[in-house]
Amino acid sequence: MRADDRHSASRTSALAALLAIIAATFLGWNLFSHAIEPPPMDGQLYGVTYAPYGKDQDAMAFGIAKERAALSDDAGAKAAVLQHGPRREQIERDMRTLAGRVRYVRTYSALDGIEEVPKIADQYGLKVVAGSWVYDHVGVTNDQRGRLEFYQRLTDREIAALIRIANANPNVERVLVGNETVLRGEISTKRLIEYIRQVKKNVKVPVSTAEPWHVWLDHPELVREVDYIAVHILPYWDEGAGKDGPMAYLKDKIGKLRESYPNKNIVVTEVGWPSHGASRIGHDQGGTGVKTASPAEQARQVRNAVAWLREQKIDHFVIEAFDQPWKSRDLEGMAGGYWGLWDADRQQKFDWTGPVTVFGAWWKLALWTLALALPVFGLFLWTMRNIRFAGQVAFGGVVALAGAGMVYAGYVAAGTYMVWYQVLGWLLLMAFLLASLAMVLAQALELADTIWRRRWVRAIPPARDVLASLPAIRRWPKVSLHLAICNEPPAMVKETLDSLAALDYPNLEVIVIDNNTRDPAVWRPVEEHCQQLGPHFRFFHFDVMKGFKAGALNHVLKETAPDAEIIGVIDSDYVVRKDWLKALVPQFDDPRIGYVQAPQDHRDWRDDRFKEMLQWEYAGFFDIGMCLRNEYDALIQHGTMTLVRRSLMEELDGWATWCITEDTEFGLRSMERGYSAAYSRERFGQGLTPDNFSGYKKQRFRWAYGAMQILKGHWRSLVSNGTKLTLWQKYHFATGWLPWFADALNVVFTLAGLVWAFGALVPIVPPLAPLGAALTWLASLVGAEGLVGNALSPMMAAKDWGTLPLPPESFVVPTLALFVFKLVYSFALYGARVNCSLRQSIGAAFAGLSLTYTVGRAVIYGLLTSKLPFIRTPKMDSRATLGRAVAMARDEALIAVALWLAAIGVWLGKGTIDPEARLWAVLLVVQSLPYVAALYVSLVNALEQMRQSRALVIPAPAQPVAAEATVPLAAGD
């Protein structure tokens, strides 16, 4: 296809993908929207409950501050009283809003300005059911600074005020003495009856107290004292409202009351449904049902209840007129603040007649999703023109889903009443979600660029093609191969040296340096073997050599033959193919090439499940990530099977001794100077996999820690234009380490999740009033006690020990989705690029997961520290017991057990009624998988070693890698 045709096809493909993503975004959001039409609430509503607190006020904080102000001279408390107390102008505004829409208003208190409600309501034609608060007589003792007497006096004042209100206001047609006081156990039934009798003697209107249905059924003596049964029936809260539904629950409870007290008038003084909050699981004879809180569900349940209560001619009060955000913080969880027919800004939530749209804001969220997604997707389409249509759509779909996740989280946050510390919590959660989605987008780009790439242009051709294309006579530059060893088994090193001696290359030397090996019995046999191999093999030994491997290799550079033009580095356990150098050295004919890299590979895994898992986990990096990075000339250099131009080594002053991954650091420095690199996917050498899980972890810890050293040492180069790094090189070096940062976030999130789960199960939040008072006193030293007192009043109102709320569903679901995406991403790439079976790819996934904690710790240590000692990977260590296997994964096993216990605790402790708690429990189990994988991989390692030990398997000497033993290249490589 001609270039013009390719460009035209690419533009057509991009336009089609763009239109497909736009259409899918609108269709996807629209799936969540539909219309319902419950019975209408036409005409005036009989009644609503009313609390005169605005969006910025807190009735609980007001009560606590009022108490503190009465018991002590506390400036912060007085400021909180002024901030949170009812205001007349608010009451007037609210009565205007209710006028013509409802007939009755029910109040809960008779003091602190609420006594003005009847007068103001009368001006707008509203009638009132007045209430008085009855304060705690049981849960407070005399030794708590006189609070018991204070509460009793306050109750007496409430009762007296209620009597005055009832007698002074003709529009007060009923009164209520107390609200759910028997339910909360704050007063005995006997004492409550005394208060009821006192009011009945002094007013001419019907008197009752408000309690849930079961309190009335359990206390017939209370029924005998009241003029009517004022009952609360709230199926959202009650676990007994299940599969049969809220209306069946309402009808059943009214039926039981009528059956038990046929001669008593019933007034439903609270019925309603929240518009926001956690879903709840209910159980009844019909089975289990989930109750959701949303604006549409509120419309459905309230309109259904009102229609039936009207039909039954039962007076009723919908709870409540206006949202009370303070209840979400202090009393009832998230849902507590959202029972109003109007929100806290006094905007009506749903239509009382006609159809109601479920999730009517879908189109706004679709537009916001596109506003976030299209710039990213458009940039992708503009720059990534080498990707087929399927890859464009796949990447665009991930971008749209990521944007939708952020938009939905923002939508939930915008509809949530929050104070400053809740805003801070949401910002932290949003930052975590944003960071996670950024990692997802980087992986999605890799997925699309790898699987659906049209052409691979920079891959080195297979060795057979390179050798076939060589001229009969050509100049072969001298190669100096460097082998650094430390306490390595002599037999293993001899195999490596024999394979180097068998190389088919005419101009070669090999230098072996042994450093920090104290036992001559270990290094002397290697020295003798070098002497036997001839003058091209030289050996150096140092009892002490600073700088670890990098220091040793730098010393070897000084001993390198003056005419050597290429430096090769291999590990002590590698057996190389004869054609390695002839296949790759021609790449240096291009003067821009600074180094040439071949993959790591292994030869000892075919009869060992543990090593097989490691082999294919390594292969994923070399067959996926390195191949793609090579297309952008952004290779990661690793310290074996690498060839480097000697002049570049001298230009860069050798290997960096400050970094424990000196190879990768050198590769980055060479690219900063403008040099390129070349990569062959073909396996030219094979080494030994780590023999145990501990060695595997130490190796990966070293790599991740070294990456953080490099990042700290070179971050300026990655963000500035002061070097010759290209944009794509910067991108791939930065994003190449993102998965390791994700592992660090996983560790942090795991530990935070354990603390969060514990806090959700165990009341660990102490009374905060003393802390708030102390902070207010400190602020008073600079004259800011009023400001601080107002800000801290919700904290100071925390009277009782409580548990932490679970994280919102809007963050739990995306987190689970990220895990699912990671699985799809991993298996899709393995299926497309790695020549292994599904079983082997699953084993590789387990191996990679098992390193999550190790890599996460390494990243955290690497960011917080500067130097850790070089950690070598031990070779040929086959000691194995199950106890040793558990010890190798001890930390991971303990964390896994903690996560499982936390998941069980959350499921059993909160999941019986809260489906979001079940989601959180599932997330804790998902979080445990990397830690379970670590224990599993370690146990597989031990079992394999024990099996081989029992079988007394004696491995045959390794042979040089045959030229035919290559991994088939993917099409286009």
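The values are calculated or read from the model by the stated rules, or taken from the named source; none is laboratory data. Quantities reported herein were computed from a predicted structural model and do not represent experimental measurements. Note: ideal-geometry Cβ built from the backbone for every residue, glycine included; neighbour counts use all protein chains shown.
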Positions within the stretch 733-748 being out of contact with any Gly (no Cβ under 8 Å at 6 or more places or on another chain) and of a type outside the set (A, V, I, L, M, F, W, C), in sequence order: Thr735, Pro739
For Gly415, all conditions in the list (1) closer than 30 Å to Pro274 by Cβ; (2) crowded, with 20+ Cβ neighbours inside 10 Å hold save one; what is the number of the exception? (2)
Given (1) touching a Lys or Arg at 6+ places or on another chain (Cβ under 9 Å); (2) assigned to a helix (DSSP H, G or I), index of the condition Gly403 fails: (1)
Pairs with Cβ under 8 Å, 6+ apart, first in the stretch 379-390 and among the aromatic types (Phe, Trp, Tyr), second modelled with pLDDT of 90 or more and surrounded by fewer than 16 Cβ atoms within 10 Å (Cβ to Cβ): Phe389/Ala16
All but one of (1) modelled with pLDDT of 95 or more; (2) surrounded by fewer than 23 Cβ atoms within 10 Å (Cβ to Cβ); (3) not in a loop (DSSP other than H, G, I, E, B) hold for Gly625; state the number of the condition that does not hold. (1)
Restrict the check to the stretch 643-661 and report whether at least one residue is within 23 Å of Met888 (Cβ to Cβ) and not polar (S, T, N, Q). yes
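Take the conditions of a type outside the set (Ser, Thr, Tyr), in contact (Cβ under 8 Å) with a residue 40 or more places away in the chain and part of a strand (DSSP E or B) and apply them to Ala677. Does it pass? I'd like the intermediate steps shown before the answer.
Numbers: of a type outside the set (Ser, Thr, Tyr): yes; in contact (Cβ under 8 Å) with a residue 40 or more places away in the chain: yes; part of a strand (DSSP E or B): yes.
So Ala677 passes the test.
Yes/no matrix, rows are residues, columns are (1) modelled with pLDDT under 75; (2) charged (D, E, K, R); (3) touching a Pro at 6+ places or on another chain (Cβ under 8 Å):
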position: Glu785; (1), (2), (3): yes, yes, no
position: Phe827; (1), (2), (3): no, no, no
position: Leu838; (1), (2), (3): no, no, no
position: Ser850; (1), (2), (3): no, no, yes
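Is there a residue in the stretch 544-551 that is modelled with pLDDT of 95 or more and among the β-branched types (Val, Ile, Thr)?
Step one: list which residues in the stretch 544-551 are modelled with pLDDT of 95 or more, which gives none.
No, there is no match, as no residue in the stretch 544-551 is modelled with pLDDT of 95 or more and among the β-branched types (Val, Ile, Thr).
Give me the residue from the stretch 632-649 that is assigned to a helix (DSSP H, G or I) and in contact with a helix residue (DSSP H, G or I) (Cβ under 8 Å, 6 or more places away or on another chain) and, out of that set, farthest from Ile485 (Cα to Cα). Step through it out loud before you land on a result.
In the first step, residues of the stretch 632-649 are kept if they are assigned to a helix (DSSP H, G or I); the result is 646-649.
So of that shortlist, the ones also in contact with a helix residue (DSSP H, G or I) (Cβ under 8 Å, 6 or more places away or on another chain) come out as 648-649.
Values: Leu648: 24, Met649: 20 Å.
It comes out as Leu648.
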Restricting attention to the stretch 920-933, report how many residues are crowded, with 21+ Cβ neighbours inside 10 Å, touching a residue at least 24 places away in the same chain (Cβ under 8 Å) and either closer than 15 Å to Ala278 by Cβ or not small (Gly, Ala, Ser) (or both). 7
Determine if the stretch 592-610 includes at least one residue that is assigned to a loop (DSSP other than H, G, I, E, B) and aliphatic (A, V, I, L, M). yes
Of the residues in the stretch 742-760 that are surrounded by fewer than 18 Cβ atoms within 10 Å (Cβ to Cβ) and within 17 Å of Leu908 (Cβ to Cβ), the one that is modelled with the highest pLDDT is Leu754
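Pick from the stretch 515-525 the residues that are under 12 Å from Val544 (Cβ atoms) and touching a helix residue (DSSP H, G or I) at 6+ places or on another chain (Cβ under 7 Å): which of them is surrounded by the most Cβ atoms within 10 Å (Cβ to Cβ)?
Of the residues in the stretch 515-525, the ones under 12 Å from Val544 (Cβ atoms) are 515-518.
If we keep only those that are touching a helix residue (DSSP H, G or I) at 6+ places or on another chain (Cβ under 7 Å) as well, we get 515, 517.
Working: Asn515: 23, Thr517: 19.
In this case the residue turns out to be Asn515.
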Considering only the stretch 221-238, I want to know if a residue exists there that is at pLDDT 95 or above and over 22 Å from Ile314 (Cα atoms). yes
Search the stretch 711-742 for residues being part of a helix (DSSP H, G or I) and of a type in the set (Val, Ile, Thr), and hand back the single one that is nearest to Gln443 (Cα to Cα). Thr735
Select, from Ala373, Ala344, Ala307, the only residue that is assigned to a loop (DSSP other than H, G, I, E, B) and in contact (Cβ under 8 Å) with a residue 24 or more places away in the chain. Ala344
Any residue in the stretch 812-833 that's under 20 Å from Ala917 (Cα atoms) and touching a residue at least 24 places away in the same chain (Cβ under 8 Å): show its pairings with residues that are in a helix (DSSP H, G or I) and among the aromatic types (Phe, Trp, Tyr) at Cβ separation under 9 Å, as long as the two are six or more apart or on different chains. Val812/Trp920; Val813/Tyr408; Pro814/Tyr408; Thr815/Phe432; Thr815/Phe749
Among the residues of the stretch 687-701, is there at least one that is under 20 Å from His482 (Cα atoms) and touching a residue at least 12 places away in the same chain (Cβ under 8 Å)? yes
Residue hits (the stretch 21-55; assigned to a loop (DSSP other than H, G, I, E, B) and within 30 Å of the chain's Cα centre (by Cα)) are Leu31, Phe32, Ser33
Report the residue count in the stretch 611-629 for those that are out of contact with any Pro (no Cβ under 9 Å at 6 or more places or on another chain) and either of a type in the set (Ser, Thr, Tyr) or farther than 13 Å from Ser826 by Cβ (or both). 6
Odd one out for Leu27 among (1) in contact with a His (Cβ under 9 Å, 6 or more places away or on another chain); (2) at pLDDT 95 or above: (1)
Note on the stretch 635-673: residues small (Gly, Ala, Ser) and touching a strand residue (DSSP E or B) at 6+ places or on another chain (Cβ under 8 Å) are Gly639, Ser647, Gly667, Ser670
